[in-house]
1. Out of all the residues in the range 247-273, which are in a helix (DSSP H, G or I) and either in contact with a Leu (Cβ under 8 Å, 6 or more places away or on another chain) or within 14 Å of VAL330 (Cα to Cα) (or both)?
2. Can you tell me which residues in the range 331-342 are assigned to a loop (DSSP other than H, G, I, E, B) and over 17 Å from THR439 (Cα atoms)?
3. Search the range 228-238 for residues being open to solvent by less than 30 Å² (accessible area, probe 1.4 Å) and over 17 Å from PHE389 (Cα atoms), and hand back the single one that is nearest to the chain's Cα centre (by Cα).
4. Got a sec? Which of GLU98, GLU48 is open to solvent by 50 Å² or more (accessible area, probe 1.4 Å), under 19 Å from ALA338 (Cα atoms) and at pLDDT 95 or above?
5. From the residues in the range 406-420 that are assigned to a helix (DSSP H, G or I) and open to solvent by less than 30 Å² (accessible area, probe 1.4 Å), which one is farthest from ASP256 (Cα to Cα)?
6. Which residues, taken from the range 357-405, are among the basic types (Lys, Arg), buried (at least 18 other Cβ atoms within 10 Å of the Cβ) and part of a loop (DSSP other than H, G, I, E, B)?
7. Within the set of pairs 6 or more residues apart or between chains, which connect a residue that is closer than 30 Å to TRP341 by Cα inside the range 129-148 to a residue that is assigned to a loop (DSSP other than H, G, I, E, B) with Cβ atoms less than 6 Å apart?
8. Please pick out the residue among ALA169, ALA189 that is of a type in the set (Gly, Ala, Ser) and in a loop (DSSP other than H, G, I, E, B).
Amino acid sequence: MRDLCGHAVDAAVAAGATYADARAVFRRSQSIATKNGNVEAVSDVESEGIGVRVLVGGSWGFAGDRRLTEAGAREAALRACTFARAAGGGNRTLEPLEPQRGSFTTRVEIDPFSISLDEKIAFCLEAEGAIARPEVKVAEAFARAQVERKVLVSSEGTDVTQELVECGAGIDATAVGDGITQIRSYPSAHGGISAQAGWEYVLGLGLAAEAPRVAEQAAALLRAPECPAGVIDVVIDAEQVALQLHESVGHPTELDRVLGFEAAYAGTSFLKQSDLGSLRYGSKHMNVTADPTTPGGLGAAGFDDEGVPAEPRPIVRDGVLVGWIGSREVGFPGSMRADGWSRMPLVRMTNLHLEPGEGSLEELLAGVDDGLYLETNKSWSIDDKRINFQFGTQVAWEIAGGKLGRMFRDPTYTGITPQFWGSMDAVGGREEWRLHGLTNCGKGQPGQTAHVSHGTAPARFRGVQVGVRA
């Protein structure tokens, strides 16, 4: 694939490109879903091709070709140059980058593709079978695996190869009774949780062992009272904090959104370029880092899709905005990622973490006399500037005198991004910090899906609006 990428770059430069890069990508994605003792879906898909990005006359052009041949590489390069000329009138430039050489490979103990589809189906059926309970009308299990091999060559001399392997799984239990439907999930909602690792990660989740608890809680929610509304102190579990971080910190700090490049589809941001170094994003306990070097993170890599070497970058320090998620074009390079060979790289989150504080979950709870513990995402809604939001969780637990009490169903909470993060007065310690891998982050036109991870611990927030304001 390296030679084909070099051939594409040479063809683009010969056709007038002042800059060109070519990515050859092979991807295999596998997913299994079972439902109520039956196989619901099985998918095993392979894709390969080459994508060529060029600058001609200060304008971008991009084209792809599914043929990994010299003819496919050359034709993609020439089409990309044609598209750039048609765009015309540009003034796009890239920050300088020393030529990069190297490789990156995910650490894997068990190759997920050495496990047969029959074995994966049996794994899901076993996990789902352990959910069995009269109140649970829908029991579901999921598993997935992916490998992506890619080569990047640029006209600046960059030449890097990477092999990324992902695995994930999860279970859902949906209980129904008296006109009420409730769901509990493990280890996360919306398709489980994934990591950059081998099949050993899936085995380590212990789905079958957790299934009886998940089913029991789904059934108990049918009998639980509705979550009361009011302004109250809350402790939010690490999984929900991950989505809160993703939606209200990750997306608004993507610099292309700040500059308006995504306004037509994904939206913009409440942040301005001039906010850097001065805007108070949250309390002094808020420290956020973008880190594509995190082992196991879905955004882990040796280089981004512009060839920028991976390194941690601060986004928020002591509650103050200090960095952006960016690219060589817009600044703060290192976060350009493409969804396969047929898409142009975009500014995307890699691994975005809320750095841990101190203390256990029990210590966070002990600091609340009257409040709620919110657990496992159920729904989310946030405006296109990422400032007004509402989240729902699958379950809430009463906190009384620093201890967990009654279960409540259908909790929601709302807030305004900087005010909400400003109310955070504690983050759990390193022992509570976990990686949460999401595989459904959408952006771009045509649409692209990115896989990202967030390291988070439970966190405590004061004076949060829960439910609908009276």
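1. Correct list: VAL249, GLY250, LEU255, ASP256, ARG257, VAL258, GLN273.
2. PHE332, PRO333, GLY334, TRP341, SER342
3. ALA238
4. Only one candidate passes the filter, namely GLU48.
5. Among them, the one singled out is PHE420.
6. If the condition is that a residue be among the basic types (Lys, Arg), buried (at least 18 other Cβ atoms within 10 Å of the Cβ) and part of a loop (DSSP other than H, G, I, E, B), then ARG386 is the only one that fits.
7. Sorted first by the residue in the range 129-148, then by its partner, the pairs are PHE142/GLY191; PHE142/GLY192.
8. Of the residues listed, the single one that is of a type in the set (Gly, Ala, Ser) and in a loop (DSSP other than H, G, I, E, B) is ALA189.
The values are calculated or read from the model by the stated rules, or taken from the named source; none is laboratory data. Remember, it's a predicted structure, so these values are computed and weren't measured experimentally. Note that we place each Cβ from the backbone using ideal geometry, even for glycine, and neighbour counts take in every protein chain shown. We work out accessible area using only protein heavy atoms, side chains counted, and drop any ligands, DNA or RNA first. Shrake-Rupley method; radii C 1.70, N 1.55, O 1.52, S 1.80 Å.
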